[in-house]
Amino acid sequence: MSPTDASPATPPTSDRRLLKEVLPYVLPYWPFVTLGVALVLVSTVAQLAGPYLVRIAIDDHIAGGDASGLIGVLGLFIATLALGFAAAYGQAWIVNLFGQRVMRDIRRDVFDHIQKLHPAWFDRQPIGKVVTRATSDVDALNELLSSGVVMIITDVVLLVGIMGVLLAMNWQLALVTFAAVPSLFVAGWIFRRRIRPAFRRVRGAVAAVNAFIQETLTGMEVLQLFRQERRRAREYRKLNRAHTAAHLETVFCFSVFYPVVELITAGTIALIIGYGGGRIGAGTLTVGGLVAFLMYSEMFFRPIRDLTEKFNILQGALAASERIVKLLHTEPRIVTPPAPRIPARRPGAIRFRDASFAYNEGDWVLRGISLAIEPGETVAVVGHTGAGKTTLAALLPRLYDVQRGAVLVDGVDVKRWNLPALRRQFSIVPQDVHLFSGSVLDNIRLGDRTISEADARRAAEEGEVTAWAHRLPDGLDTPLGERGAGLSQGQRQLVGIARAMARRSRVLVLDEATASVDTETEQAVQTALARALENRTSVVIAHRLSTIRGADRIIVLHRGRIRETGSHRELLAAGGIYRRLYELQFAEEPVLAA
């Protein structure tokens, strides 16, 4: 279970703390709240005036046969309804505007915070659950602010106003009405204890379903190739049943609670009619007074019923806000230190000093790595799958931090660098290049304003992108789909290489950069990369040993340790791990070709 997920093992956050977390988003829009409350007061006065005008109409005009006076009261009643309508309309507009502004701010902060979190956090979080935090959970909070908070204020103000009017009209009948309140509070307390955990389970089930769907859509090609549709369908039905069961638990709570409230309301109305009828017989209460009292009593229970309905929204929003707050309180582990350093000279020198790293505690991926790479030197890193090659490269721009030892760039520990400045030192071409929606040229520039359009086009030319991009409808300006849909793996790789070449960073990291490029294209790319490597410190991670023969040094990693260092010829002559890798690779090529 992720840190942002509520679970029995995770203590629920108190309502007071959750409201305290949301309050800073609400305070900047206090004029909206003030105007909304003012309109609430106007609407409340209009509603309270209705039954009073009915009493006047019955006792003072209908009973006495005063038709002209009745018409005047009727006109005043209609004016009161119109005023209440106008106030309710203005209140709804203001409240929804206020809610959308607050949601905009929360969505912005959630997205900004997600981007600050370290890669290790994403390694443990299903993407679907993270998307749920930023979308449906925020929308649930929107329901609270748009139709919850001010409407709750409306109901409370109306409830207090009705109680005052009832006491003023007949305090004995008012006490009969108020006798139902303790029963309603007990029912509400029991309901609250049941519904909050149920809503928490609903939000967790929604996140699990979203995560499953996201994973399925991402791996659809693999599922279809291996004919796993039925198995995934069975797993989805299981998650779907869990979501349905969690939601039905909330339905059960409401299906019991609402009839209980209606039963208490009906019993109270019956007592009012019985007691009020006796008062009419005794001459201490008029018919109009009893009718008005019954109308006020019905109005008294209406906001209570509304409050229970708003409680539904409130509980769903609080369950969602728990997860949002926990996400926002997840501290990024990799940040710029309080007093960062940026070296005056940045030629691109790299040093690993007895560095050890583990993704999971105690399971070391790299062990005691000590390595110095001089400015302008090209160093290749090779080894079996899982030897730690990609991890070594990820430590340079602080995608991860070592647990032991240190990684230094230009003589300064990367943990003491200004983080944006450190990452500007590196241009990285990963094995799986991620492309975003936008044109080919946009994906080369990637929003970097320091790269002119001319520089980006030049990089596309040198990176062999132009050679195939001219066949696209709009050339380099052709829009790409999600993740570069429509391009081959090799073409995406070439865009990634051009992206790195457009940035004049001091250090170039190539992580299997030519792995998905065919032999013919690879030759052109190698020529372009040779120009890009000039006057740069370069770290080349390669599985194809034929691509790194010209490296100044080759580092052989084996089980997280440096086992061999030297040039291509030296390592072949040594007859160690590198030679075995080389012989194995080139021995297999004729078989593969056949």
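Calculated accessible area for the chain comes out at 51 Å² per residue, all protein chains present (probe 1.4 Å; ligands, DNA, RNA ignored). Ordered from longest to shortest, the equivalent ellipsoid semi-axes for the stretch 438-503 are 17, 12, 11 Å, each the square root of 5 times a Cα gyration tensor eigenvalue. For the pair L223 and T565 in one chain, pulling the backbone fully straight at 0.36 nm per residue adds 118.9 nm over the alpha carbon distance. Stretched out straight at 0.36 nm per residue, the stretch from F586 to A245 would grow longer than its current Cα-Cα span by 117.0 nm. Of interest is the spacing of the C-alpha centroids, which for the stretch 322-379 and the stretch 425-463 amounts to 25 Å.
Computed from Cα atoms, the angle from the helix 229-282 axis to the main principal axis of the chain rounds to 20 degrees.
By the gyration tensor of its Cα atoms, with a ≥ b ≥ c the square roots of the eigenvalues, what is the shape of the stretch 157-221: rounded for a/c under 1.5, prolate for a/b over b/c, or oblate?
On the way: a/c = 9.21, a/b = 3.71, b/c = 2.48.
Since a/c reaches 1.5 and a/b is larger than b/c, the shape of the stretch 157-221 is classed as prolate.
Too long at a 31 Å Cα-Cα cut-off: which of K238/K326; K20/K415; K326/K415; K389/K415? Over 31 Å Cα-Cα: K20/K415.
The relative contact order of the chain comes to 14 percent, based on Cα pairs under 8 Å that sit 6 or more residues apart. Here the extension length gained between A406 and Y359 equals 15.3 nm, from 0.36 nm per residue of separation less the Cα-Cα distance.
Of the accessible area of the stretch 438-503, computed with a 1.4 Å probe over protein heavy atoms only, carbon and sulfur atoms account for 47 percent.
Using the Kirkwood radius over Cα pairs, work out the Stokes-Einstein diffusion coefficient for the chain at 4 °C and 1.567 mPa s, in µm²/s as a whole number.
This corresponds to a translational diffusion coefficient of 43 µm²/s.
The fraction of Cα-Cα pairs per 10 angstrom bin, counted from 0 for the stretch 171-284, comes to 12, 25, 18, 15, 12, 9, 6, 3, 1 percent, rounded to whole percents. Per the Debye formula on identical point scatterers at the alpha carbon atoms of the stretch 122-238, with no solvent, log10 I(q)/I(0) at q = 0.12, 0.15, 0.22 Å⁻¹ is -0.70, -0.87, -1.24.
The portion of the accessible surface of the stretch 129-204 made up by carbon and sulfur, rounded to a whole percent, is 72 (1.4 Å probe; DNA, RNA and ligands excluded). Legend: translational diffusion of the stretch 279-412 by Stokes-Einstein, Rh = Kirkwood radius over C-alpha pairs, 10 °C, 1.306 mPa s; D = 74 µm²/s.
Ordering T218, F191, W171 by Cα displacement along the dipole of the stretch 171-284 toward the positive end leaves T218 in first place; charges were set at the Cβ atoms of Lys, Arg (+1) and Asp, Glu (-1).
The values are calculated or read from the model by the stated rules, or taken from the named source; none is laboratory data. None of these values were measured; they are calculated from a predicted model. Please note: Cβ atoms are built from the backbone with ideal geometry, for glycine as well, and neighbour counts cover all protein chains shown. Surface accessibility is based on the protein's heavy atoms, side chains included, excluding ligands, DNA and RNA. Shrake-Rupley method; radii C 1.70, N 1.55, O 1.52, S 1.80 Å.
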